[in-house]
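All of the numbers you see were taken from the coordinates with simple rules; none came from a lab. The structure displayed is predicted, hence computed values, not measured ones. Here the Cβ positions follow ideal geometry from the backbone for every residue, glycine too, while neighbour counts run over all protein chains shown.
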Ligand code: PLP
């Protein structure tokens with residue numbers, strides 16, 4: 001018999017099967033985790049095209065990068081996240097990673113091996129579906145902290161702080177730096193300050209997942225507020241960065257994982273251990289996307305262009321949120337849809353039930369996850385009114 005004869009069938013990972021099978025030409029896919037332009041098409045940033053052409057024209061060789069990747073990329077990624085004047089830059093151990101997921105994986109493995117406290121990581125309830133899986137596979141225990149309030153479709157701020165306060169001292173907390181996935185609900189800067197104080201009082205370790213810098217508000221500094229505030233307040237955080245969304249480099253798999261250390265000497269030791277972790281995982285990361293990102297981050301004209309393009313993507317998302325809300329109100333919906341515009345980033349948590357989401361798919365050919373999350377990136381000026389009508393018919 002085959003060695004795999006007893007392997008059970010796993011559940012399907014994505015919801016696109018039903019969408020593909022639907023033959024209606026006005027079907028809408030709001031399950032995608034990638035930006036789409038106003039015609040519903042994948043978007044390659046012009047700054048990325050220009051940087052890629054420069055990279056190709058320079059006819060570099062294809063030798064291996066070092067274990068921690070392309071240094072021009074990681075140096076610039078650190079500046080982008082922490083800020084050019086950050087005290088963390090001289091004491092930062094950073095490695096290129098296989099996008100954000102790979103950064104979380106290295107981070108989880110690093111904490112599992114080297115964190116001196118309990119090997120339990122607290123993630124928000126709910127969180128990006130992959131977080132629990134990644135951290136469990138790293139050998140960490142995963143616990144949840146309160147985050148989302150179903151009744152207000154907003155942040156359960158009191159619950160969150162209460163859970164920070166009741167976790168054992170020195171616990172590991174994972175925070176979404178901005179554009180929380182799946183809810184689109186972020187703490188305000190004032191709330192972040194209180195959260196920081198609570199984390200500090202308990203001696204917890206903060207691990208930030210920043211998958212959407214610039215993509216949330218349209219401003220890379222605004223979106224890095226929480227990360228930079230924690231560092232300024234003396235936290236030696238760990239950080240995962242992704243360039244999938246803000247540069248549209250999804251398939252290039254470009255990200256970074258970094259550890260803020262006490263000083264340069266500690267940084268050297270941490271860096272050696274990060275290398276020891278990465279080497280048996282995949283030896284060293286791919287170079288092409290890192291060269292593109294480095295070209296953008298290190299060339300002032302391309303960098304300025306990129307900032308405008310990131311803002312363009314964020315603005316389109318913000319506009320689609322407003323249009324969806326307007327359309328629902330014009331149809332006469334009596335529900336309060338203000339959460340659609342107060343939430344931020346690629347995803348909106350509609351508050352629709354799993355049954356209502358099933359109905360959207362079956363009766364209106366609108367596909368998204370059953371938790372009520374829709375990808376605002378899938379909304380266009382053309383499909384927004386049909387989407388609003390469908391939601392109105394299902395929910396009123
Ligand atoms: N973290 C969060 C919160 C995300 O939403 C995503 C992507 O959807 C990721 C990390 C990782 O994405 P990638 O591995 O493509 O960078």
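Observations, loosely collected:
- The stretch 249-396, relative contact order [Cα under 8 Å, separation at least 6], %: 20
- Difference of contour (0.36 nm per residue) and Cα-Cα distance, residue 166 to residue 114: 16.4 nm
- Relative to the longest principal axis of the Cα atoms of the chain, the long axis of helix 264-282 makes an angle of roughly 60 degrees.
- Computed across the stretch 157-215, the Kirkwood hydrodynamic radius from all distinct Cα-Cα pairs reaches 12.0 Å.
- In the chain, the longest principal axis of the Cα atoms and the axis of helix 189-201 are about 50 degrees apart.
- In this structure, residue 370 and residue 335 have a Cβ-Cβ separation that, at R0 = 25 Å, corresponds to a calculated FRET efficiency of about 0.80.
- Antiparallel content of DSSP bridges confined to the chain, in %, to 5: 50
- Part-to-part distance (alpha-carbon centres) for the stretch 152-176 and the stretch 19-37, which is given in Å: 35
- Axis angle, to the nearest 10 degrees, between helix 354-364 and the longest C-alpha principal axis of the chain: 60 degrees.
- The spacing between the stretch 263-281 and the stretch 121-147, judged by their C-alpha centroids, is 24 Å.
- Relative contact order of the chain, defined on C-alpha pairs under 8 angstrom at six or more residues apart (%): 26
- Ranked by how many other beta carbons lie within 10 Å on average, peptides 246-252, 172-178, 145-151 from highest: 172-178, 246-252, 145-151
- Dividing the convex hull volume of the alpha-carbon atoms in the stretch 199-352 by its residue count gives 168 Å³ per residue.
- Calculated from the alpha-carbon coordinates, the stretch 356-396 shows an Rg and a Dmax of 9.5, 25 Å respectively.
- Cα gyration tensor shape for the stretch 7-154, rounded if a/c is under 1.5, else prolate or oblate: oblate
- The stretch 262-310 shape via C-alpha gyration tensor axes, a/c threshold 1.5: oblate
- Structural descriptor for the stretch 211-333: relative contact order 28 percent, calculated from alpha carbon pairs under 8 angstrom and at least 6 residues apart.
- Based on Cα atoms of the chain, Rg over Rh with Rh as the Kirkwood radius reads 0.97.
- Inter-label distance, residue 37 to residue 389: 2.7 nm, where each label sits 7 Å from its Cα along the C-beta direction.
- Per residue of the chain, the DSSP helices (runs of n ≥ 4 H) give a summed -39500 (n - 2.57) that works out to -14000 deg cm²/dmol at 222 nm.
- Simple label model, 7 Å out from Cα along Cβ direction - residue 299 to residue 26, nm: 4.4
- For the stretch 31-104, the Stokes-Einstein estimate of translational diffusion at 37 °C and a viscosity of 0.692 mPa s comes to 214 µm²/s, using the Kirkwood hydrodynamic radius over alpha-carbon pairs.
- Cβ-based exposure ranking for 74, 380, 188, in which fewest neighbours within 10 Å come first: 188, 380, 74
- Rounded if a/c under 1.5, otherwise prolate or oblate - the stretch 333-378, Cα gyration tensor axes: oblate
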